[in-house]
Structure formats: structure tokens, C-alpha cells
Amino acid sequence: MKIIVAIKQVPARDSLLRVDGSGKWIQDSDLTYEINEPDAYALEEALQLKEKHGGEVIALCAGPARAAQTIREALAKGADRAIHIVADNLESLDALGVAQLLAKASASEKPDLLLTGLQSDDLGYGQTGVVLAELLGMPHATIIMAVESQGSSIKVKRELEDGWFQNVEMPLPAILTIQSGLNKLRYATLMGIKKAKSKEIKVVTPAELGGASAPTVQLEKIYVPQRTKQTQIKEGNAREVAAWLVEKLKTEVRVL
């Protein structure tokens, strides 16, 4: 089974984010970066499928030269080889543009399965995997909690709302977006880190792939939300106050 996993390098979650001078992106000169966490779960699922059924895992990443560090991490964890689409202006593309580059880079590989994370930690569109499936003309399923290979097909478990799940049988090849928390993530071993240095990373540019279409969606402005404080006092008996507080926590604070 040949599995391609689309991964993305994003700012580390504990990074101090500041809006840059343009107001359209963040200052990235002093940031540290890591693999997008949902993509890490997609990679782990691919590695486990490979261990069970054989084949190879190919890491596919679009990003600037620094993304090579994240690609090496995927190789150290067990991916067999990688494809790096070196693009310095990835933030200027929308989900369609990124998916076009990924589709063109992966089409010649003819994978049995293509996995992505549910969404990215930086932009959070949650669209790339679905658009990628449409571009490649492959069946897809989202929010996947389990994958079971059945030879020429797979059976997947999807997470729905309110604790409901859906089991779906799909033909191969197919594209899946993996839910975070599906498996326990592995660490790269010392031997894996050493082997990663000799594994193939195919480097291509957007121009070599034919480029991407002009963005249909543009990011006009990003900003830090204003912090406000508000005090509310509710009078009444304990039952009334408790019911009022629960309603506030559900509808306004949204922690219940």
C-alpha cells in the first residue's frame, strides 16, 4: 500500500505571535516551527497501516526551505521518502491554491491512500483535504477515527456530532482527513534520525508543477482580539441563580 501524507510546518503552539507591519500576517522572523499537530496524527496512522500491511509512506509538504526540518522529522519517525514543494509565499495562496500544488505533486505517485490532518493549526480552514480529493477525482471521508484495510477497499469510522459515529466502506484509492487523537504519537528514535539523513527528499517548485490559480479568497487583515471584562450580578434563589449560570456557561462562555 502506497500512502502519501500531506504535512505542514506551522508556528509552535507556545510561540509569541505578533502581527507584522502589513497587518495581513504574523512576524515570523523569530518564531520556532513544528509539524502541524493534526498532520502528525495523519502520519502516525499512515505508519501504523504500513506496519500492518506493508508498502511505503511518502511525506508531502509545501512550504519554504525551513520546512525541510519538519520533513526530516517525518522521515525520522518512519516515512520512507518525501516530496518538498518549496514555496516561500504559501500564505498568499488559499486552500484551493495549496491543494492544486499538492494534487500535481502527488498525481504521478498514484497512491492507494492519501491522508491529511483535519485542519491546520495556523489558518484552520479544514478545506485542503476535501479540495484535494475533488481535484484528484478520488472518494474522500473526513474526521476519521479509525481505518481498517480490506484489500481493495477500506472501512473507516467517522466522528459525527453529539457522540455519534458513522462507519463507511470506501474503494481505493481514497483521501482521508484524520481526527487528532486517533493514535498515540511516536517519537523519532536515534536510529530513525540517523536513517532520515540518507532518505530521499524530492524538491520541486510551484513553477515546475505548473503553478496554482490566483487566490479566490484573500486574507485582508489579522488582529489580536480585544480583551474586555464584564461583571454581571444575578439575584434570586439558589436554583434560579444556578440555572442562569449554567445557561451563561453554555451559550456565552461555551465551556459546557
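Remarks
- Here the chain is scanned for chymotrypsin sites (Phe, Trp or Tyr not before Pro) in DSSP loops (not H, G, I, E, B) that have at most 13 other Cβ atoms within 10 Å, and the longest stretch holding none of them is 1-163.
- For region 177-256, GluC sites (Glu not before Pro) are listed when DSSP marks them as loop and at most 16 other Cβ atoms sit within 10 Å of their Cβ; the list is GLU200, GLU208, GLU220, GLU235.
- Rg and Dmax [Cα atoms of region 1-159; Å; Rg one decimal, Dmax integer]: 15.6, 53
- Residue list for region 75-102, given a label point 7 angstrom along the Cα-to-Cβ vector of VAL203 and an amide N cut-off under 16 Å: 82-89
- Pairs beyond 18 Å (Cα-Cα), from LYS52/LYS155; LYS8/LYS50; LYS77/LYS104; LYS52/LYS194: LYS8/LYS50; LYS77/LYS104; LYS52/LYS194
- Ranked list, fewest to most other Cβ atoms within 10 Å of each Cβ, for ARG254, ARG186, ARG158: ARG254, ARG186, ARG158
- Annotation: extensible slack from VAL253 through LYS221 equals 9.0 nm (criterion: 0.36 nm per residue apart, minus Cα-Cα distance).
- Considering only MET170, MET191, MET138, the mean-square fluctuation computed in a Gaussian network model of the chain, springs between alpha carbons under 10 angstrom, is largest for MET191.
- Taking amide H as placed 1.01 Å from N in the peptide plane, the amide H of LEU118 sits under 5 Å from that of ILE178, SER180, each at least 5 places away or on another chain.
- In the elastic network of the chain, a GNM with C-alpha springs shorter than 10 Å, the most mobile of LEU102, LEU132, LEU160 is LEU160.
- Taking each residue as 0.36 nm, the span from ARG18 to ASN183 lengthens on full extension beyond its C-alpha to C-alpha distance by 56.1 nm.
- Residues SER120, SER153, SER22, arranged from fewest to most other Cβ atoms within 10 angstrom of their Cβ, appear as SER22, SER153, SER120.
- Counted by neighbouring Cβ atoms within 10 Å, the residues HIS140, HIS84 run from fewest to most as HIS140, HIS84.
- DSSP-defined antiparallel bridges as percent of all bridges, region 2-204, nearest 5: 35 percent
- Between amide H atoms placed 1.01 Å from N, distances below 5 Å from LYS202 occur with ALA82, ILE83, HIS84, all of them 5 or more places distant or on a separate chain.
- Each residue of region 220-228 was assigned a 3J(HN,Hα) from its phi angle through the Karplus expression (A = 6.51, B = -1.76, C = 1.60, θ = phi - 60°), giving 8, 6, 10, 7, 7, x, 6, 8, 10 Hz with x at Gly and Pro.
- Bridge type composition, region 62-176 - antiparallel percent by DSSP, nearest 5: 65 percent
- The string of couplings for region 121-134 from the Karplus curve (6.51, -1.76, 1.60, θ = phi - 60°) is 6, 8, 9, x, 5, x, 10, 4, x, 5, 5, 4, 5, 5 Hz, one whole number per residue in order, with x for Gly and Pro.
- Distance between the modelled labels on THR228 and ASN89, one decimal in nanometres: 3.8 nm (7 Å Cα→Cβ projection).
- The GNM of the chain, with springs linking C-alpha atoms under 10 angstrom apart, assigns the highest mean-square fluctuation among LEU47, LEU123, LEU245 to LEU245.
- Placed amide H near VAL5: partners under 5 Å, 5+ positions off or other chain: ILE58, ALA59, LEU60, LEU115
Since every read-out is calculated from the coordinates, none of them should be taken as a lab result. Please read all numbers here as calculations on a predicted model, not as lab measurements. Quick reminder, even Gly has a Cβ in these numbers, built from the backbone with ideal geometry, and neighbours come from all protein chains shown.
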